[in-house]
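Shown next, in structure tokens, is the structure this report addresses.
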Amino acid sequence: MDLTTLITPESTAVLTMELQRGVVGDLAALPDLRDAAAEVSMLDNAGKICRAARAKGATVVHCTAGFRPDRQGSSNNARILTASARLNGDRLDVGHPGTELVEELDQQPGDLVVPRSHGLTPFVATELDQLLRNTGTRTVVAVGNSLNIGVLGLVLCAVDLGYQVVVPRDAVVGVPVAYGDAVMANTISLLATVASTDEVIAAWA
């Protein structure tokens with residue numbers, strides 16, 4: 001299936017993964033991730049894809065993380081969750097500016113936002129799958145961070161749920177960047193259609 005057919009706007013949703021100020025923006029607790037995103041222009045490219053999607057009538061969904069200050073309902077059952085809670089402090093507490101989307105996404109009233117306060121990926125035990133089905137989505141375009149865990153988990157879950165997946169190689173990032181490139185080449189490419197930001201936008205043009 002060619003890219004133009006795969007990402008027909010009326011059946012496509014762009015999913016942004018944790019593109020929040022406290023994760024990869026001006027309030028980021030993890031400088032390595034923020035710097036990796038800047039190195040590959042990930043935020044700018046993700047913003048371009050969101051704008052192009054809106055212009056063509058595709059759905060834009062922001063998958064965010066936000067937690068109660070007392071962490072009720074959340075769990076530290078993985079080393080990355082424990083480390084993240086320690087490093088982030090209150091940056092990702094509900095109501096903190098760190099939970100806000102980065103300005104590059106130019107969030108619009110028609111965008112959907114699916115927050116989660118648990119786990120590592122946006123599909124599990126959230127309303128994301130049902131919202132996508134209700135909008136007639138058959139293909140998701142995944143952008144954001146990180147290829148280490150979050151984006152990889154998003155892609156795996158989306159495939160398991162029956163969606164086609166497109167991953168723009170320059171609108172996602174891993175840490176270090178070379179590791180993210182290896183994940184793209186050796187794992188993501190087996191699960192999803194890999195393209196560039198320009199190719200995705202051209203397919204909608």
Filter region 182-200 down to the residues that are without any contact (Cβ under 8 Å) to a residue 40 or more places away in the chain and in contact with a strand residue (DSSP E or B) (Cβ under 7 Å, 6 or more places away or on another chain) and list them by number.
Met184, Leu191, Val194, Ser196
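Can you go through Ala142, Ala205 and tell me which one is of a type in the set (Gly, Ala, Ser) and either surrounded by fewer than 24 Cβ atoms within 10 Å (Cβ to Cβ) or more than 20 Å from Asp2 (Cα to Cα) (or both)? Don't jump to the end; show me each part of the working.
On the way: Ala142 fails: either surrounded by fewer than 24 Cβ atoms within 10 Å (Cβ to Cβ) or more than 20 Å from Asp2 (Cα to Cα) (or both).
Within the list Ala142, Ala205, the selection yields Ala205.
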Search result, residues across region 180-194 that are closer than 18 Å to Ser41 by Cβ and either of a type in the set (Ser, Thr, Tyr) or within 16 Å of the chain's Cα centre (by Cα) (or both):
Gly180, Met184, Val194
Condition first: more than 22 Å from Ala192 (Cβ to Cβ), surrounded by 12 or more Cβ atoms within 10 Å (Cβ to Cβ) and over 15 Å from the mean Cα position of the chain (by Cα). Can you find one or more residues in region 17-25 that meet it?
no
Any idea which of (1) under 14 Å from the mean Cα position of the chain (by Cα); (2) more than 25 Å from Ile80 (Cβ to Cβ) is the one Gly153 doesn't satisfy?
(2)
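Got a sec? Which of Thr82, Thr121, Thr64 is closer than 23 Å to Asp170 by Cα and without any contact (Cβ under 8 Å) to a residue 40 or more places away in the chain? Talk me through it step by step, then tell me what you get.
Details: Thr82 fails: closer than 23 Å to Asp170 by Cα; Thr64 fails: without any contact (Cβ under 8 Å) to a residue 40 or more places away in the chain.
Exactly one residue qualifies, and that residue is Thr121.
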Being charged (D, E, K, R), more than 16 Å from Ser146 (Cβ to Cβ), surrounded by fewer than 15 Cβ atoms within 10 Å (Cβ to Cβ) and out of contact with any Gly (no Cβ under 6 Å at 6 or more places or on another chain), is that true of even one residue in region 79-95?
yes
Please go through (1) under 10 Å from the mean Cα position of the chain (by Cα); (2) under 14 Å from Phe123 (Cα atoms) for Asn145 and return the number of the only condition it doesn't satisfy.
(2)
Go through region 170-199 and give me each residue that's assigned to a helix (DSSP H, G or I) and charged (D, E, K, R).
Asp181, Asp198, Glu199
Which of (1) under 11 Å from Arg21 (Cα atoms); (2) touching a Phe, Trp or Tyr at 6+ places or on another chain (Cβ under 9 Å) is the odd one out, the single condition Arg91 does not satisfy?
(2)
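Every read-out reported here was derived from the displayed coordinates using simple, explicitly stated rules and does not represent laboratory data. This is a predicted model, so every value here is computed, not measured. Note that we place each Cβ from the backbone using ideal geometry, even for glycine, and neighbour counts take in every protein chain shown.
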